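Chemist: This is the structure, below, for whatever I ask next.
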Amino acid sequence: MARLSLSLLLLTLLASHASQASDVAPPIAKPQPLDYWQNSDWQGLPNSIQIDKQTVLFAKHDSDSYVGLAILLPDWQRSGQLWQLTRALGQLGFDTLLLLPSPQQIELDPAAEKKQQAIDDFRKQFATRISMLGDAKLQEGGFKLILAQGTSAAWAVNLIASEQLPAPDALVLLDGFFPNQQSNQTLAKQIAQATMPTLDLYQEEGGRWPLLAAEARQSESRRSHKLNYRPYALMDLDETSTRIQGWLTHLGWL
């Protein structure tokens, strides 16, 4: 009888423990940052390297002479388009450094007053990344070229105009835009007032915002008589490297 009572007691204790365990909610997994999978994918690429714990793509020039460093700033989920230019740039004498884009660059708008703190934080972080990573790979005596696409192009100009980012020796825009007309008008004035040579490439069949932004830049640059500004409408993205080569030749770099 004593053995039976002991057995019943043990079963009761086990059942109580199981019930308590089931009432405890499992730990909630911490959500991954929006660029987590992109960062993970990059780490497996042959040209992927780490600079100050940041993943970047880097390729050395394969010409006889070194011209400089081309810093590639792709739009969100457009990294492959700019990386395709690496081979052509390398043959011209450029080392190429491609920075991982941030999803914030398409979510934030410099005209959004209610998000000013988030905008200021992003601008500071973006400027620091471009300067630090670029300085780490620029060889002495070389030119610094920034080739920026989409919202990365717009933010880069914004940072240069506010002197948070040192101006490069030359700037190439590819479909540069903000998804806001007021911000694009400000962008146009910043380009017109900038002293650096600027090649403004845009696709004729591009989206509404890139085309409106390009039109605003051309109009403002004509009004300001900016002589070192050259716009060009691309029929196809494959033209990009040819147009860049011709423009750099005109500048006397090649």
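Chemist: Restricting attention to the stretch 179-193, and to residues there that are at pLDDT 95 or above and not polar (S, T, N, Q), which single residue is nearest to Ala70 (Cα to Cα)?
Modeler: Ile191
Chemist: In the stretch 140-179, how many residues are surrounded by fewer than 22 Cβ atoms within 10 Å (Cβ to Cβ), in contact with an Asp or Glu (Cβ under 8 Å, 6 or more places away or on another chain) and not in a loop (DSSP other than H, G, I, E, B)?
Modeler: So the answer is 2.
Chemist: Could I ask something else about it? Mind checking whether some residue in the stretch 56-67 is within 22 Å of Ala213 (Cα to Cα) and modelled with pLDDT under 95?
Modeler: no
Chemist: Next up: Could you tell me which of the residues Lys144, Lys137 is more than 17 Å from Asn180 (Cα to Cα), touching a residue at least 60 places away in the same chain (Cβ under 8 Å) and in contact with a helix residue (DSSP H, G or I) (Cβ under 9 Å, 6 or more places away or on another chain)? Spell out the reasoning first.
Modeler: Numbers: Lys137 fails: in contact with a helix residue (DSSP H, G or I) (Cβ under 9 Å, 6 or more places away or on another chain).
Lys144 is the lone residue from the list that is more than 17 Å from Asn180 (Cα to Cα), touching a residue at least 60 places away in the same chain (Cβ under 8 Å) and in contact with a helix residue (DSSP H, G or I) (Cβ under 9 Å, 6 or more places away or on another chain).
Chemist: Do you know which residues across the stretch 83-99 are among the hydrophobic types (A, V, I, L, M, F, W, C) and either farther than 15 Å from Gln245 by Cα or in a strand (DSSP E or B) (or both)? Don't jump to the end; show me each part of the working.
Modeler: Our first condition is that a residue be among the hydrophobic types (A, V, I, L, M, F, W, C); within the stretch 83-99, this holds for 83, 85, 88-89, 92, 94, 97-99.
Across the stretch 83-99, the qualifying residues are Trp83, Phe94, Leu97, Leu98, Leu99.
Chemist: Continuing with this model, one more query. Any chance you could count how many residues in the stretch 86-108 are within 15 Å of the chain's Cα centre (by Cα) and open to solvent by 10 Å² or more (accessible area, probe 1.4 Å)? Break it down stepwise before answering.
Modeler: Let us first name the residues in the stretch 86-108 that are within 15 Å of the chain's Cα centre (by Cα), namely 96-108.
Pick out the ones that are also open to solvent by 10 Å² or more (accessible area, probe 1.4 Å) and you get 100, 102-104, 106-108.
Qualifying residue count, the stretch 86-108: 7.
Chemist: Still on this structure, I have one more. Of all residues in the stretch 180-211, which are part of a loop (DSSP other than H, G, I, E, B) and of a type in the set (Asp, Glu)? Break it down into steps so the answer makes sense when it comes.
Modeler: Within the stretch 180-211, the subset part of a loop (DSSP other than H, G, I, E, B) is 180, 194-197, 204-207.
Those that are part of a loop (DSSP other than H, G, I, E, B) and of a type in the set (Asp, Glu): Glu204, Glu205.
Chemist: Taking the stretch 188-211, which residues are closer than 21 Å to Arg243 by Cβ, without any contact (Cβ under 8 Å) to a residue 40 or more places away in the chain and open to solvent by 20 Å² or more (accessible area, probe 1.4 Å)?
Modeler: Across the stretch 188-211, the qualifying residues are Ala194, Tyr202, Gln203, Glu204, Glu205, Gly206, Gly207, Leu211.
Chemist: So which residues in the stretch 212-254 are assigned to a strand (DSSP E or B), open to solvent by 40 Å² or more (accessible area, probe 1.4 Å) and in contact with a Leu (Cβ under 6 Å, 6 or more places away or on another chain)? Let's see the steps before the verdict.
Modeler: Step one: filter the stretch 212-254 for residues assigned to a strand (DSSP E or B), giving 229-234.
If we keep only those that are open to solvent by 40 Å² or more (accessible area, probe 1.4 Å) too, we end up with 230-232.
Across the stretch 212-254, the qualifying residues are Arg230, Tyr232.
Chemist: Might you let me know whether the stretch 106-120 holds any residue that is modelled with pLDDT under 95, closer than 21 Å to Ile49 by Cβ and not aliphatic (A, V, I, L, M)?
Modeler: no
Chemist: Criterion first (over 28 Å from Leu254 (Cβ atoms) and assigned to a loop (DSSP other than H, G, I, E, B)) does Ser65 satisfy it? First the steps, then the outcome.
Modeler: Details: over 28 Å from Leu254 (Cβ atoms): no; assigned to a loop (DSSP other than H, G, I, E, B): yes.
It is false that Ser65 is over 28 Å from Leu254 (Cβ atoms) and assigned to a loop (DSSP other than H, G, I, E, B).
The values are calculated or read from the model by the stated rules, or taken from the named source; none is laboratory data. Small disclaimer: the values here were computed from a predicted structure and weren't measured. Every residue, glycine as well, gets a Cβ built from its backbone with ideal geometry; the counts of neighbours run over all protein chains shown. Note: areas computed on protein heavy atoms with side chains; ligands, DNA, RNA excluded. Shrake-Rupley method; radii C 1.70, N 1.55, O 1.52, S 1.80 Å.
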